[in-house]
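Novice: Take this structure first; my questions come after.
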Amino acid sequence: MTDLGIPASTIEVLRRHQFTIQKKYGQNFLIDKNVLEKILRAAEITREDCVLEIGPGIGTLTQCLARKAGKVIAVEIDRNLIPILEETLADCPNITLVQGDILKVDVAELLHRESGGRSVKVAANLPYYITTPIVMGLLESRVPVESITIMVQKEVAERMQAGPGTKDYGALSLAVQYYARPEIVAAVPPNCFIPRPAVGSAVIRLTRHENPPVQAADERKMFALIRAAFNQRRKTLANSLGNAPGLSVSKEQAAQALEKMGLSQGVRGEVLTLKEFAELSDLLQGVKIL
Ligand code: SAM
């Protein structure tokens, strides 16, 4: 089996198959063994595990996952990578390779069919152009995912992990932290990939909570408030909510609820914790999402 994860073998495989790198699919292949090790260590994969990999590329991470896991399911959109993967993964009988778009594949059905419904660990060097829909899709869909260990753009990792009052804190931080505990495990420079991405990268592990850390009576409404709060993050929270086209709440109602919570009327959404957004959502009882 060709040992991938070093520049020479990656270049050799791509040349031999006359493969043209598709920018539109966010193709940046990993060529650094230390980084692969870091992903594997953070993902804590054992023989008991079934792993879902999104975007196996030429199979660099996939080979490593297959050596550690009981089973690997890999979903790759680019048809031209399938013959390469069939070659690089020929010695790995515990891999199921699926050609398709991860945003269109019925992941719950795929996992049920391939893993018998047991929970899975996700590990991937993600295509950056669809990081948020992939991650939120996995977290919100309630497919049985135990943890997600992924390479993402550094700024996105920082936003996922950010806390209240910091510049990176926003709707993504709150959405991710509602479902999981984020932990950045490594910073990864552009020279660890072929071709080099224009941005820095980071490996982040999201460990799914068994139960959300806060209880809002209406989860949808809480997230609508969060989105409205950060859509106009320079405005006061009362103003942002009062102006939000998708919510039936006036500035005065919002200000009253904030006062009940002991918060100033001039407070901005960016300092509220997840618990406070849940409390606000429950206080704004009559408010509807339009
Ligand atoms: N895992 C490989 C590695 O680490 O070298 C490749 C990572 S590359 C950053 C992202 C991979 O995701 C590419 O192979 C790309 O073709 C694939 N991809 C892009 N969009 C996809 C989608 N919607 N569904 C599945 N795979 C996708």
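Novice: Taking a label point 7 Å from the Cα of ARG16 along the Cα→Cβ vector, which residues of region 167-210 have an amide N closer than 20 Å to it?
Specialist: Hits in region 167-210 for ARG16 at 20 Å: 194-195.
Novice: Which distance in nm do the two modelled labels at GLN232 and GLU155 give, with both placed 7 Å along the Cα-to-Cβ direction?
Specialist: According to this spin-label approximation, the distance is 2.4 nm.
Novice: Find how many whole Å separate the alpha carbon centroid of region 212-290 from the alpha carbon centroid of region 178-198.
Specialist: 32 Å
Novice: Another question about this same structure. Rounded if a/c is under 1.5, else prolate if a/b is larger than b/c, else oblate: which is the chain, with a ≥ b ≥ c the root eigenvalues of its Cα gyration tensor?
Specialist: Prolate.
Novice: Leaving out same-chain residues fewer than 8 places away, which aspartates and glutamates sit with a Cα under 19 Å from that of LYS275?
Specialist: In chain and number order, the partners are GLU140, ASP168, GLU210, ASP218, GLU219, GLU259.
Novice: Can you send over the carbon and sulfur percentage of the accessible area for region 28-180, probe radius 1.4 Å, protein chains only?
Specialist: 49 percent
Novice: Arranged from highest to lowest average of other beta-carbon atoms within 10 Å per residue, in what order do the peptides 8-17, 238-247 appear?
Specialist: Top of the packing list down: 238-247, 8-17.
Novice: Same structure again: What distance in nm separates the two pseudo spin-label positions at GLU109 and GLU87, each 7 Å out from Cα along the beta-carbon direction?
Specialist: Modelled inter-label distance: 3.3 nm.
Novice: For Cα pairs less than 8 Å apart in space and 6+ apart in sequence, what is the mean separation divided by the residue count of region 1-147, i.e. the relative contact order in percent?
Specialist: Averaging sequence separation for qualifying contacts and normalising by length gives 24 percent for region 1-147.
Novice: Students often get this wrong, so check it: of LYS167/LYS251; LYS33/LYS71; LYS23/LYS235; LYS24/LYS121; LYS154/LYS251, which have C-alpha atoms separated by over 31 Å?
Specialist: Distance filter (> 31 Å) returns LYS23/LYS235; LYS154/LYS251.
Novice: Tell me what the chain gives for mean residue ellipticity at 222 nm when only DSSP H runs of n ≥ 4 count, each as -39,500 (n - 2.57), the sum divided by the residue total, rounded to 500 deg cm²/dmol.
Specialist: Calculated from helices alone, the mean residue ellipticity at 222 nm is -11000 deg cm²/dmol.
Novice: Evaluate the relative contact order of the chain (contact order divided by residue number), counting alpha-carbon pairs under 8 angstrom at least 6 apart; express in whole percent.
Specialist: 15 percent
Novice: Here's something else I'd like to know. Once amide H atoms are placed 1.01 Å from N in the peptide plane, what residues at a sequence separation of 5 or more from ALA180, or on another chain, have their amide H within under 5 Å of its amide H?
Specialist: It is HIS209, by chain and number.
Novice: How many Å² of accessible area per residue for the chain, probe 1.4 Å?
Specialist: Ligands and nucleic acids excluded, the result is 47 Å² per residue.
Novice: What fraction of the DSSP beta bridges in the chain is antiparallel, stated in percent and rounded to the nearest 5?
Specialist: 50 percent
Novice: Spelling out what I want: for every residue of region 213-224, take phi, set θ = phi - 60°, compute 6.51 cos²θ - 1.76 cosθ + 1.60 (Karplus), and round to whole Hz; glycine and proline get x.
Specialist: With the stated coefficients, region 213-224 comes to x, 9, 10, 10, 4, 10, 4, 4, 5, 4, 6, 5 Hz.
The values are calculated or read from the model by the stated rules, or taken from the named source; none is laboratory data. These numbers were taken from a predicted model, which means no experiment stands behind them. Methodologically, a virtual Cβ is constructed for each residue, glycine included, from the backbone with ideal geometry; neighbour enumeration extends over all protein chains shown. For the accessible areas, the whole protein counts, side chains as well, though only heavy atoms, and no ligand, DNA or RNA atoms are used. Shrake-Rupley method; radii C 1.70, N 1.55, O 1.52, S 1.80 Å.
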